[in-house]
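Worksheet: one structure, shown below.
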Amino acid sequence: MAHGPSQNFFSRWLFSTNHKDIGTLYLWFSFAMFLLGGFFAMVIRAELFQPGMQLIKPEFFVQMTTMHGLVMVFGAIMPAFVGLANWMIPMMIGAPDMALPRMNNLSFWILPFAFTILTSTLFMEGGGPNFGWTFYAPLSTTYAPDTVNYFIFGVHMMGASSIMGSINIIATVMNMRAPGMTYMKMPLFVWTWVITAFLLVAVMPVLAGAVTMMLMDINFGTSFFDAAGGGDPVLFQHVFWFFGHPEVYIIILPAFGVVSQIIPTFSRKPLFGYSSMVYATASIAFLSFIVWAHHMFTVGMPIAGELYFMYATMLIAVPTGVKVFNWITTMYKGALTFETPMLFSIAFVILFTFGGFTGMMLSIAAADTQYHDTYFVVAHFHYVMVAGAVFSGTAAVYYWLPKWCGRMYDETMGKVQFWIAFIAFNITFMPQHFLGLAGMPRRYSDYGLQFTDWNMVSSIGAFLYGGAQLLFLYNVIRTIGWGKPIDDPQVWEGAEGLEWTVPTPAPFHTFSTPPVVK
Amino acid sequence: MMKRAKALFLGLLRPSSLLLAGSVSAESVTRQLNMPRGVTEVSQAAYDIHMIMIWICTVIGVLVLGFMFYVMFAHRKSKGVTAANFHENLVVEVLWTVIPALILIVMAVPATTALLKVYDTENPDIDIKVTGYQWKWQYEYIGEGVKFMSELRTSQDEIYGRAPKGEHYLREVTQPLVIPTNKKVRFLITGNDVIHSWWVPDFGVKRDAVPGLFTAAWTKTDQPGTYVGECTELCGLGHAFMPVVVEVKEEAEYEAWLAGKKEEAAIYASTIGKQWTFDELMVKGEQVYGRSCAGCHQVNGEGITGVFPALKDSPIALGPAEGHIAILIDGVAGSAMQSFAEQLSEVEIAAVVHYERNAWGNDVGDIVQPINVLNFKQSQ
Amino acid sequence: MSRTSTHGGLLIKLLMGAVAMFAFAIFVLPPLYDLFCEVTGIGGKTGGAYTASEITIDTSRKVEVQFVATNNATIPWDFYPTEHKVFVHPGESREITFFARNKTSNDMVAQAIPNVLPNNAADYFHKTECFCFNNQPLGAGEQAELAVVFVLDPDLPVSVNAVTLSYTLFDITDRIPMQVSQIQ
């Protein structure tokens, strides 16, 4: 190797242009944000443990729900997958680094500033953003606290970071594949990420547009979303969900990719239906652009619009079903073992399928009249966001950590963490389905006595789930510092792909000479 | 809390009783797990399609995940199996694309019928405008001249744990919306400030209340009773504290209620709501003065020196109206001047204040309207 | 590596794509949405002034038109229709009035935003004259009768036999740099 990482701590991490170091930065940052967002969730669940306001005031509660959503979506889940992409995509396609290494550095280092600004609003006069992570106008414009301007600035920054990160990934995948690595030979994680990256380039600017219009309405007297000046608050919702629906697939597609890497490894069998997986991912991405208004079934659209968005939304079940069937058929007639990454991946399949079912129920507009904005929706999207994105992210870390640091994690501790997380997750979110169906709306700081029981159960589950994350943190730190050293390049018996051909631990520079893929 | 936990635990052991519980008694409301059937055609339609979906999902889920569990047990490495190497099969792949698509097409039929019911807002018998405020609802019976605010009745003490929580905690309002049975009621829903959403689960009605925009929803039920709903769009810190309560009454009872409301409105319009003229107030004020004030302050307003102050040329009567109203409402501590807030109506207080400011050579010339008195009372 | 130029080209294309999407969100989506609303009647928007052309009055039908008024953000004005509903034949031109009074001791400017229900009637509800076409300045304590002249299109779907016209009154005093007297 020509040269290793800089020996100076600051110059190594602050000025890094190495995809592995930047990947590491992304992952640690996202975990820090995950703990922060998790802390907000704990505050929420503690307040909701009993009816009545015990710990915090309603105005702070609303800020907590808003910040929990923003931090988890933009701070924890998205950067986690960008981190995985940084680490793995060059190694998976036989490239020496990302295509645009200096931009890579910039796109990461924007994030800490964006989230410092966003979080600091909690300590400012007027408090943090209090209009939900969907920030509907006019609550987020005419009726917002002054700190909304910091929120807008923060969103712009994280948008810029995401766009740069995505451009980098697209450029890497399009230009830097090793000879012989054709598109249809790329690992599925690379495929799902490249599609995600295109989604990001397409919709993050729309989010930027939405907050820019807000900014102009608030400060420069325009009336995009203000009915008094000829605008329309409902327009905001259309623009937001035009971004927001692709956004939820931006979160879940890389998770699909991770699971599609892990299940074949521990089944010791190639992924079933590779090409249909690629097509399914692409069609999900396409559908994500034409279903946005299913988030707005109660806004009073004409019936033709409701019917269209209902039918289009139901269609998503088809490619999603294909994916689930493919994963299960991959396992069929394999030789299965159940290491921690596999356990998380199987839990992903089960719980994501469950979340998919509730998603189908939500697509039925007439029933959505009853579900909309209740805890049923909260339960639904936590099944796909937490059991989907977070479980697969955890699986990815356990799966690739030995390759990254050349040390094996503690399998028993991993399994214990899995079972606590799996059980606690279901204790937390399963009762929220019942709460929603029984009539408890989301973002409620207080509730009637009839909802007490399930809220208590849900809160207990949430604290347990939070605890499981500390165990995860401990296991990762223990592995990096004191784990059992390994040097088998393949690490896992059934692992296939270029990333498993480089030495373990992965050296600072890999594939300086491109490998040849047959 | 232990008791509740125990009840919950016992409840969990009897899942069938949970699912079958109706929605009437307080006990079963506590235990509700599923969507309510509700009392209207629309809520029933939503419930039906919800149950169809649950069963379809359950069957698919049991089949697919059941197969996965079979694979997890049958094809584990510890059993000594060797992995097969197939990775494609066009026939199954086409099948599991086409079959779900067909299921969806079948499901689309009841889904469409149910939605058509939601949108059937034509030919209503009664129109009620529902306006969402931060953080209360206003109901206006269009064309009837009846309109009122419906606010949370639960006290702050109950919310902040300084008083025990009542049975109807956060499910009670100052004035519920009242509608008759067997009449098609159309709700015209709008917002006053931010977006709210008006939801009554038992009616299957949920509609966003957007400022500057009107949307319509409807309901019709034959079951009298009290139905509780919520605001379901985040509208600021009071979001959780603006419940919806609807009372469905038999038609005759409803008519009587409405007549009462109209009378109230008429009285309001002819008194507090009315813009009184200078002379009307003078006439009325003189009567009230004679009845309630002249005993002490004398008919000529000159009082009795050293005992009852004169009103003629007095600084209070010639000063700002606010201060003058305040004396009548609050009284003067330690003197014979008592508070008239309870004894006299807003109209009477306004009239007498007006009279005192403009009689016996007092010539302030302003008009004190009953609404000023009401505003003063409410600002206290 | 010699790939820098390829990266550069791709980078520029993708950045342009991002900028285009940003512009799309701000400059295309809002007008597109308005157009869409106008075509489909979403939100019951009724469009601008209508120039009456030769319309035959369809005396075989009578449609109930009901009027509703709302004060946004509790604007302290009296604002209500002087008659609560009228019956008209499609094609027949009718004038109705709304009463407005500024109850405050300040000059104010208000803007009324119309809505028509049901949505599928919005396209057939024509206003030849309406106070909502302009803002409404009223001095302290002033009052006014605000007129609307409307025609229902004879093509109004037969299923529609009642239409609701509603106005929401917004306080726009702060948005108007001029004095009330200047506007008047």
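The values are calculated or read from the model by the stated rules, or taken from the named source; none is laboratory data. From a predicted model like this one, the values you see are computed outputs, not experimental measurements. Quick reminder, even Gly has a Cβ in these numbers, built from the backbone with ideal geometry, and neighbours come from all protein chains shown.
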Verdict on A:A304 being within 11 Å of chain B (Cβ to nearest Cβ) and either within 20 Å of B:D120 (Cα to Cα) or at pLDDT below 95 (or both):
yes
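Residues are listed down the side, and each one gets a yes or a no for (1) more than 10 Å from chain A (Cβ to nearest Cβ); (2) at pLDDT 85 or above; (3) under 30 Å from C:N135 (Cβ atoms):
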site	(1), (2), (3)
C:A20	no, yes, no
C:F24	no, yes, no
C:F27	no, yes, yes
C:P30	no, yes, yes
C:F98	yes, yes, yes
C:M108	yes, yes, yes
Might you check whether a residue that is in contact with a helix residue (DSSP H, G or I) (Cβ under 7 Å, 6 or more places away or on another chain), more than 10 Å from chain A (Cβ to nearest Cβ), of a type outside the set (D, E) and on the phi > 0 side of the Ramachandran plot occurs anywhere in the stretch B:224-240?
no
Residues to consider are B:Q138, B:Q175; find the one that is among the polar types (S, T, N, Q), within 11 Å of the chain's Cα centre (by Cα) and part of a loop (DSSP other than H, G, I, E, B).
B:Q175
May I ask you to say which residue of A:P101, A:P129, A:P90 is over 23 Å from the mean Cα position of the chain (by Cα) and not small (G, A, S)?
A:P101
Take the residues of the stretch B:130-185 that are acidic (D, E) and touching a residue at least 60 places away in the same chain (Cβ under 8 Å): which is farthest from B:A269 (Cα to Cα)?
B:E167
Being closer than 22 Å to A:F376 by Cα, at the interface with another protein chain (Cβ under 9 Å from one of its Cβ atoms) and of a type in the set (A, V, I, L, M, F, W, C): is that true of A:A317 here?
yes
Checking B:S314, B:S335, B:S339 in turn, the sole residue that is farther than 22 Å from B:E264 by Cα, surrounded by 16 or more Cβ atoms within 10 Å (Cβ to Cβ) and not assigned by TED's automatic domain parsing to the domain that holds B:E264 turns out to be B:S314
Going through the stretch B:55-94 one residue at a time, which ones are more than 7 Å from chain A (Cβ to nearest Cβ), within 44 Å of the chain's Cα centre (by Cα) and either at positive phi or surrounded by 15 or more Cβ atoms within 10 Å (Cβ to Cβ) (or both)?
B:I56, B:I60
If you take just the helices (runs of 4 or more DSSP H) that sit entirely in the stretch A:216-316, which of them hold at least 1 residues that are of a type in the set (D, E)?
A:233-267, A:303-315
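Residue-wise test of (1) closer than 24 Å to A:T172 by Cα; (2) away from chain B (no Cβ under 14 Å); (3) part of a helix (DSSP H, G or I).
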site	(1), (2), (3)
A:F29	yes, yes, yes
A:G52	no, no, no
A:F61	no, no, yes
A:A85	yes, yes, yes
Hey, A:G165 free of Cβ contacts under 8 Å to residues at least 60 places away in the same chain and not in a loop (DSSP other than H, G, I, E, B) or not:
no
Some residue of the stretch A:109-126 being outside any helix (DSSP H, G or I), within 14 Å of chain B (Cβ to nearest Cβ) and either surrounded by fewer than 21 Cβ atoms within 10 Å (Cβ to Cβ) or in contact (Cβ under 8 Å) with a residue 24 or more places away in the chain (or both):
yes
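Here's the yes/no breakdown for (1) touching a strand residue (DSSP E or B) at 6+ places or on another chain (Cβ under 6 Å); (2) over 24 Å from A:G75 (Cα atoms):
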residue: A:W404; (1), (2): no, no
residue: A:D453; (1), (2): no, yes
residue: A:L464; (1), (2): no, no
residue: A:I477; (1), (2): no, no
residue: A:K484; (1), (2): yes, yes
residue: A:W492; (1), (2): no, yes
residue: A:A495; (1), (2): no, yes
Selection count where residues are farther than 30 Å from B:P110 by Cα and assigned to a helix (DSSP H, G or I), scope the stretch A:327-365:
14
Here is a check on your reading of the model: is C:R94 modelled with pLDDT of 85 or more, surrounded by 16 or more Cβ atoms within 10 Å (Cβ to Cβ) and of a type in the set (D, E, K, R)?
no
Note on the stretch A:332-345: residues facing chain B (nearest Cβ under 7 Å) and surrounded by 22 or more Cβ atoms within 10 Å (Cβ to Cβ) are A:G334, A:L336
Residues of the stretch B:230-263 being under 23 Å from B:R153 (Cα atoms), free of Cβ contacts under 8 Å to residues at least 40 places away in the same chain and surrounded by fewer than 18 Cβ atoms within 10 Å (Cβ to Cβ), which ones?
B:G260
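To keep it simple, each residue is scored yes or no on (1) in a helix (DSSP H, G or I); (2) closer than 24 Å to B:C235 by Cα; (3) more than 27 Å from the chain's Cα centre (by Cα).
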site: A:M430; (1), (2), (3): yes, no, no
site: A:L437; (1), (2), (3): yes, yes, no
site: A:S445; (1), (2), (3): no, yes, no
site: A:T452; (1), (2), (3): yes, yes, yes
Being touching a helix residue (DSSP H, G or I) at 6+ places or on another chain (Cβ under 7 Å), under 21 Å from B:Y119 (Cα atoms) and acidic (D, E) is the requirement here; does B:D202 meet it?
yes
Does any residue of the stretch A:376-385 turn out to be surrounded by 23 or more Cβ atoms within 10 Å (Cβ to Cβ) and within 7 Å of chain B (Cβ to nearest Cβ)?
no
Looking at the stretch C:160-174, which of the residues that are more than 11 Å from chain A (Cβ to nearest Cβ) and either without any contact (Cβ under 8 Å) to a residue 24 or more places away in the chain or over 15 Å from B:P124 (Cα atoms) (or both) is surrounded by the fewest Cβ atoms within 10 Å (Cβ to Cβ)?
C:S166
Identify all residues within the stretch C:110-150 that are aliphatic (A, V, I, L, M) and away from chain B (no Cβ under 14 Å); write none if there are none.
C:L138, C:A140, C:A144, C:L146, C:A147, C:V148, C:V149
Assess whether A:T394 counts as being among the β-branched types (V, I, T), part of a helix (DSSP H, G or I) and touching a strand residue (DSSP E or B) at 6+ places or on another chain (Cβ under 9 Å).
no
In the stretch B:100-135, how many are within 21 Å of B:A45 (Cβ to Cβ) and part of a loop (DSSP other than H, G, I, E, B)?
7
Among the residues of the stretch A:278-292, are any at the interface with another protein chain (Cβ under 7 Å from one of its Cβ atoms), touching a residue at least 24 places away in the same chain (Cβ under 8 Å) and under 30 Å from B:V210 (Cβ atoms)?
no
